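Notes follow the structure.
The values are calculated or read from the model by the stated rules, or taken from the named source; none is laboratory data. Predicted model, so just to flag it, every value in this text is computed and none were measured. A quick note on method: Cβ atoms are made from the backbone with ideal geometry, for glycine too, and the neighbour counts reach across all protein chains shown. Ligands, DNA and RNA are stripped out before the accessible areas are found, and what is left, the full protein with its side chains, is counted by its heavy atoms. Shrake-Rupley method; radii C 1.70, N 1.55, O 1.52, S 1.80 Å.
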Amino acid sequence: NSYRRTGVNLRSLMGMVGRERFLRGMRAYSERYRYGHPYADDFFDTFSEGAQADAHEFFEQAFRSTATVDWSVEVRQRKASDPVGWFLDAKGEWKKLEKAPEPRAKGWVPDVLVRRKGVLYLPMELDVGFEDGTHERFLWSLDAQRRGAWWRPFEPGTVRASKIVSAVLDPKRVYFLDTDMSNNQRYEATSVATPLRWSERVLAQCAQWLHFLGGLGG
């Protein structure tokens, strides 16, 4: 477990700071402490200095805690239509709006819900794709995650001209610390590769189980 977690942490770190900064940080560490006996803080400080990126908060969470996280995204949406009922007009008078003989759709009302299970806090990017080919990017910041375990990027009552066809968390695949990546994306259309991906996950779990059994008894 310690070897796997370290590898996953370093790969996530490279995604956060970028490949070039990551290599500079690792080179600075290896040159300074070659044939030495560094401690964890030596690596954290030297890497941040060489990469010119402050990654101390990530080091504290990823290396000095047992915190885990599972991000997930859900998509619900409905067609926007003319309001029906009694409403105040610009003069402050009540006016009744009748239902139109035929629904006049004005677009779509999006409702995207992102959840976080666990206490590992990392800024999370969300990419929302629409039917007309456009995309919108949102960021669930570190501070916002500390204030709550769920987040809705679209304000209530928001209307979009086009329908949502995809919602993907971490579109650049920066993090590999998620305990369940199967719920990190939602697509309107089903991909032909979906059964193959699930088969790969099942076989990977079987391989880990066989590896465990093979190690029993020394």
Could you give the nm distance between label points at residue 196 and residue 11, where each point is 7 Å from its Cα heading toward the beta carbon? 1.9
Set of lysines with alpha-carbon distance to residue 163 below 30 Å, sequence-local pairs under 8 removed: 79, 96, 99, 106, 117, 172
Calculate the all-directions average of the projected area of the chain's alpha-carbon convex hull, and give it in nm². 19.3
Relative contact order for the chain, counting Cα pairs under 8 Å that sit 6 or more residues apart, in percent: 21
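For 132, 170, 89, write out the residues from largest to smallest accessible area, computed with a 1.4 angstrom probe and no ligands counted.
On the way: 132 95, 170 15, 89 60 Å².
Descending accessible area places them as 132, 89, 170.
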Mind pulling the angle between the C-alpha long axis of helix 194-215 and the longest principal axis of the chain? Nearest 10 degrees, somewhere in 0 to 90. 30
Which percent of the accessible heavy-atom area of region 110-156 goes to carbon and sulfur, probe 1.4 angstrom? 51
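With a 1.4 Å probe and every protein chain left in place, work out the accessible area per residue of region 64-173 in Å², rounded to a whole number.
Values: 7080 Å² over 110 residues.
Ligands and nucleic acids excluded, the result is 64 Å² per residue.
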Can you tell me the 0 to 90 degree angle between the C-alpha axis of helix 19-32 and the longest principal axis of the chain, rounded to 10? 20
C-alpha long axis of helix 2-17 to longest principal axis of the chain, angle in °: 60
Taking θ as phi - 60°, what are the ³J(HN,Hα) couplings along region 132-141 by the Karplus curve (6.51, -1.76, 1.60), each to the nearest whole Hz, with x for Gly and Pro? 7, x, 7, 9, 10, 10, 10, 10, 8, 6
Chymotrypsin sites (Phe, Trp or Tyr not before Pro) lying in DSSP loop within region 112-218, provided at most 16 other Cβ fall within 10 Å: 176
So, in Å, what gap is there between the alpha-carbon centers of region 136-210 and region 33-83? 17
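To check you understand DSSP bridge types, tell me what percent of the beta bridges within the chain (both residues inside) are antiparallel, rounded to 5. Provide the component values of the computation, followed by the final result.
Values: 33 of 34 bridges.
Taking every DSSP beta bridge with both residues in the chain, the antiparallel ones total about 95 percent.
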In deg cm²/dmol, rounded to the nearest 500, the helical mean residue ellipticity at 222 nm of the chain, built from -39500 (n - 2.57) for every DSSP H run of length 4 or more, is -11500 deg cm²/dmol
